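Laboratory data are not the source of any read-out in this text; all were calculated from the coordinates shown. These figures come from a predicted structure and were not determined experimentally. Using ideal geometry, Cβ is built from the backbone for each residue, glycine included, and neighbour counts are taken over all protein chains shown.
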């Protein structure tokens, strides 16, 4: 119950924070709109198109925009993975949280935790993942996704049993969508870590360090 209360409190804190944060980092410093190249400006403009509602100086876009051709391709992939996969938000956000935990990508967890809660993920499931533990009371599709993702991260292989459960719960398209999500958010995690994008000053760091 204490763990659940802590996580619910964190949801309230994160949900109240505005979308623009992490802009004091020395790496990939914010850019002025009038200093953008035409390609960079085109990318910045695409971020304002709903449902993105992004800002080119927010992480990770502030780093992506340094390579606008790559940024254009990444945002197109992100659009599919966020809103058009075969997975409901509860599962796609679960995959993102698993990835954030694997990398200890604080900003990624910070940004996606409230989205996962809004999508219907059980706070206790998120709390266990944050603690580096396998959640005890996952739904069947969540367990299949969790085992698939963690097998890829930690075992570098997928057993027949893990594949069978994933196939039965998610289907072949769902399996590929999970792989796409964790692969894309690997890129995002590496970007955020490289640019040293953390949670805003004064806010709690959501992911504890894990024993090696």
### Task
For segment 146-194 and segment 78-140, write down the distance between their C-alpha centroids in whole Å.
12 Å
### Message
Run the helix sum for the chain: -39,500 (n - 2.57) per DSSP H stretch of 4+ residues, divided by residue count, reported at 222 nm to the nearest 500 deg cm²/dmol.
### Response
-19000 deg cm²/dmol
## Note on the structure
Checked segment 37-84 with the C-alpha gyration tensor, a ≥ b ≥ c its square-rooted eigenvalues, rounded below a/c of 1.5, otherwise prolate if a/b is larger than b/c and oblate if not; verdict prolate
### Rg over Rh, two decimals, the chain (C-alpha only, Kirkwood Rh)
0.97
### Summary
So the FRET efficiency between residue 55 and residue 80, C-beta based with R0 = 30 Å and rounded to 0.05, is 0.90
### Spin-label proximity, residue 211 to segment 120-139 - amide N less than 18 Å from point 7 Å beyond Cα toward beta carbon
128-135
### GNM flexibility winner over the chain from 63, 128, 144 (Cα, springs under 10 Å)
128
### Summary
Measuring from the longest principal axis of the C-alpha atoms of the chain, the long axis of helix 89-103 (C-alpha) lies at a number of degrees, nearest 10, equal to 80 degrees
## Note on the structure
If 205, 162, 125, 178 are placed from fewest to most neighbouring beta carbons inside 10 Å, the sequence is 205, 162, 125, 178
### Task
Return the tail of the calculated pair distribution for segment 89-193, meaning the percent of Cα-Cα pairs more than 25 Å apart.
11 percent
